[in-house]
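Reading through the structure tokens given below for one structure.
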Amino acid sequence: MKINITKEEILQIKLFLITAYKLKSAAAKAHEWEEAAEIRDEEKLMWERFQNLKNEIINQLKNFNPASDNIEDYILLQGLLLEFHSTEFNDDCVGEKNIETIESHFKKYWNLRDQMQQDLMGFLNESYVYLREQMYQFVKEGDKEKGQMILNKLTAISDLIIKNKK
């Protein structure tokens with residue numbers, strides 16, 4: 001699996017969106033409507049880029065194959081996906097004055113993160129079971145090289161499961 005998205009790229013877009021919002025707000029307060037409109041247009045284009053990156057990550061996660069793809073790629077993709085939540089939370093809450101509504105948005109993203117954690121653990125457990133079956137098959141066939149490769153993957157998955165249960 002080839003991952004073309006970097007965390008730095010996502011963070012640069014997030015920084016741009018934060019800066020654009022501040023500049024747009026300052027221009028609007030100063031009644032510089034043309035400048036505010038230009039910033040808004042740039043912000044809109046960058047927001048679309050941001051959403052496209054998120055959709056690309058989601059598609060890669062949907063198409064992830066534990067039998068042939070590297071588990072570290074899966075973890076990287078999940079980590080990249082988490083980078084979107086803070087920006088989306090801020091976007092949901094811009095101009096909001098009601099604390100209950102803000103809390104509702106916060107709970108929504110907390111639940112998304114919790115669901116991602118549960119999905120990751122489920123994925124790791126399923127992958128572990130699948131790889132154990134493959135390892136036994138390779139041992140039966142006497143293919144030590146493939147058996148060792150599977151054992152290395154099993155060890156990495158086991159370490160992640162133990163680490164995430166703490």
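The values are calculated or read from the model by the stated rules, or taken from the named source; none is laboratory data. Predicted model, so just to flag it, every value in this text is computed and none were measured. We place every Cβ from the backbone using ideal geometry, glycine too, and count neighbours over all the protein chains shown. Heavy atoms of the whole protein, side chains included, go into the accessibility calculation; ligands, DNA and RNA do not. Shrake-Rupley method; radii C 1.70, N 1.55, O 1.52, S 1.80 Å.
State whether one or more residues within the range 123-131 are closer than 30 Å to N90 by Cα, part of a helix (DSSP H, G or I) and not hydroxyl-bearing (S, T, Y).
So the first thing to find is which residues in the range 123-131 are closer than 30 Å to N90 by Cα, and the list is 123.
Those left that are additionally part of a helix (DSSP H, G or I): 123.
Subset that is not hydroxyl-bearing (S, T, Y): 123.
For the range 123-131, residues closer than 30 Å to N90 by Cα, part of a helix (DSSP H, G or I) and not hydroxyl-bearing (S, T, Y): present.
Could you run through the range 119-132 and say how many residues are under 16 Å from T155 (Cβ atoms) and open to solvent by 30 Å² or more (accessible area, probe 1.4 Å)?
Within the range 119-132, residues that are under 16 Å from T155 (Cβ atoms) and open to solvent by 30 Å² or more (accessible area, probe 1.4 Å) number 5.
Results for (1) in contact (Cβ under 8 Å) with a residue 12 or more places away in the chain; (2) surrounded by 12 or more Cβ atoms within 10 Å (Cβ to Cβ); (3) touching a Lys or Arg at 6+ places or on another chain (Cβ under 9 Å), shown as yes or no for each residue.
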position	(1), (2), (3)
L80	yes, yes, yes
N98	no, no, no
Y109	yes, yes, no
V139	no, yes, no
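For the range 82-96, which residues satisfy the criterion of being surrounded by fewer than 16 Cβ atoms within 10 Å (Cβ to Cβ) and charged (D, E, K, R)?
D91, D92, E96
What are the residues in the range 141-150 that are in a helix (DSSP H, G or I) and open to solvent by less than 70 Å² (accessible area, probe 1.4 Å), if any?
G147, I150
Determine, yes or no, whether I57 is outside any loop (DSSP other than H, G, I, E, B), under 23 Å from D119 (Cα atoms), open to solvent by less than 90 Å² (accessible area, probe 1.4 Å) and touching a residue at least 24 places away in the same chain (Cβ under 8 Å).
So I57 fits the description; yes.
Quick one: in the range 1-15, of everything that is modelled with pLDDT of 90 or more and among the β-branched types (V, I, T), which residue is farthest from the chain's Cα centre (by Cα)?
Selected residue: I13.
Which residue, of I162, I75, is in a helix (DSSP H, G or I), exposed (fewer than 12 other Cβ atoms within 10 Å of the Cβ) and of a type in the set (A, V, I, L, M)?
The unique qualifying residue is I162.
Can you pull out the residues in the range 85-121 that are in contact with a helix residue (DSSP H, G or I) (Cβ under 7 Å, 6 or more places away or on another chain) and more than 24 Å from I58 (Cα to Cα)?
E96, I102
Restricting to the range 4-34, give me the number of residues that are among the β-branched types (V, I, T) and out of contact with any helix residue (DSSP H, G or I) (no Cβ under 6 Å at 6 or more places or on another chain). Don't jump to the end; show me each part of the working.
Here is the first cut: in the range 4-34, the ones among the β-branched types (V, I, T) are 5-6, 10, 13, 18-19.
Subset that is out of contact with any helix residue (DSSP H, G or I) (no Cβ under 6 Å at 6 or more places or on another chain): 6, 18-19.
So the count comes out to 3.
Looking only at the range 21-39, decide whether some residue is among the basic types (K, R), open to solvent by less than 100 Å² (accessible area, probe 1.4 Å) and more than 17 Å from H85 (Cβ to Cβ).
Scanning the range 21-39, I find at least one residue that is among the basic types (K, R), open to solvent by less than 100 Å² (accessible area, probe 1.4 Å) and more than 17 Å from H85 (Cβ to Cβ), so the answer is yes.
Quick one: would you say L17 is touching a residue at least 12 places away in the same chain (Cβ under 8 Å), farther than 26 Å from N125 by Cβ and open to solvent by 50 Å² or more (accessible area, probe 1.4 Å)?
When the stated conditions are applied, L17 does not pass them.
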